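These notes are about the structure you will find just below.
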Amino acid sequence: MGERLVRPPAVAGQFYAGSEQALREEIESCYRHRLGPGELPAVNEAGPRQILGLVSPHAGYMYSGPPAAQGFYELAADGRPPAIIVIGPSHRPVSVSAAIQTTGAWATPLGEAVIDAELATTIADNCGILVDRPAAFAYEHSLEVQLPFLQHLYGPQVGFVPVMMIDQDLSVATQIGRGIAQALTGRDAVVIASSDMTHQEPAEMARQKDMLLVEYMEKLDAEGMLRACAQRGITMCGYGPVAAMIIAASGLGAQQAELIAYSNSGDVQPMATVVGYVSLKVTR
């Protein structure tokens, strides 16, 4: 057997604190923040497990941590999902349309989150567009920043499957969403779509555009959301992962979606243009 593949953190000490103690304190401050839920979460081990999908932001914790904490607070109250898939966009060019990693682990200051190899392999087998290429994830932050929140809730070795979309069009989102739904049929799981919303526009303009997209998300209309994003020139960075999550959740019987939190970077410190952040849940 070859050496176990462990991806080191790429943005520890930048997007979030670089030591275990400081990171735990930072995450807890996100929960207690005025833009967060206001208290620390407690995992409801007997939870109803109704959440199939979650939209979660991925900027630095100073800005997006509190609204992200609101989503993870709801996830904790809903129970402990045995399977977790995280889908994020790529902020750098990669030579494949979409990537997955099927073995190994990802390290953060909280420990090593272990890839669910059996589930990851099944998803890859169901979806030919996904290339098993760990190197594609090396510098990307959109998936990484979700892991400390998950580790804080469920333990450092929480199992997950990383999926990254370089091409984010409807065709790719549909293939990935359907492949994930097929792999998860009969299983209890949550699919987390990592995305920030409008980038660098005045707060009110950003809010109007973001709420338009939220309307489509709440209707579970992935195609409509992608169309509105393109037609209105909305600079949401993870539209493909959100569409794939909606398609996967719909294939697993999703009935509704609900906005949990919305804020922007200007709510943390005054600035002329802002980035919007959404936490949203999709439920059975």
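Where a number appears in this text, it was derived from the coordinates with a stated rule and is not lab data. Fair warning: this is a prediction, and the values are worked out from it, not measured in the lab. Here the Cβ positions follow ideal geometry from the backbone for every residue, glycine too, while neighbour counts run over all protein chains shown.
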Report summary line: Taking LEU150, LEU23 and counting other beta carbon atoms within 10 angstrom, the fewest-first order is LEU23, LEU150
Query raised in the report: Among 52-60, 162-170, 115-123, what's the highest-first ranking by average C-beta atoms within 10 angstrom per residue?
Result: 52-60, 162-170, 115-123
Requested in this report: Order these peptides, 237-249, 130-142, by their mean beta-carbon neighbour count within 10 angstrom, highest first.
Outcome: 237-249, 130-142
Report summary line: Here, ARG34 and ALA10, labelled 7 Å along Cα→Cβ, have an inter-label distance in nm of 3.4 nm
Query raised in the report: Relative to a virtual label point 7 Å from the Cα of ASN44 in the Cα→beta-carbon direction, which members of region 192-220 show backbone nitrogen distances below 20 Å?
Result: 192
Query - Scattering profile of the chain at q = 0.11, 0.15, 0.16 Å⁻¹ [log10 I(q)/I(0), Debye over alpha-carbon scatterers] - result: -0.55, -1.10, -1.28
Report summary line: Proxy exposure order for VAL43, VAL94, VAL275 (fewest C-beta within 10 Å first) is VAL43, VAL94, VAL275
Query - Centroid-to-centroid separation of region 188-249 and region 1-73 [C-alpha atoms, Å] - result: 21 Å
Query raised in the report: Roughly what % of DSSP beta bridges within the chain run antiparallel, to the nearest 5?
Result: 50 percent
**Report entry** Residue-wise HN-Hα coupling along region 128-140, computed from phi with Karplus coefficients 6.51, -1.76, 1.60 (Hz; x: Gly, Pro)
**Finding:** x, 6, 7, 9, 6, 9, x, 4, 5, 8, 3, 10, 7
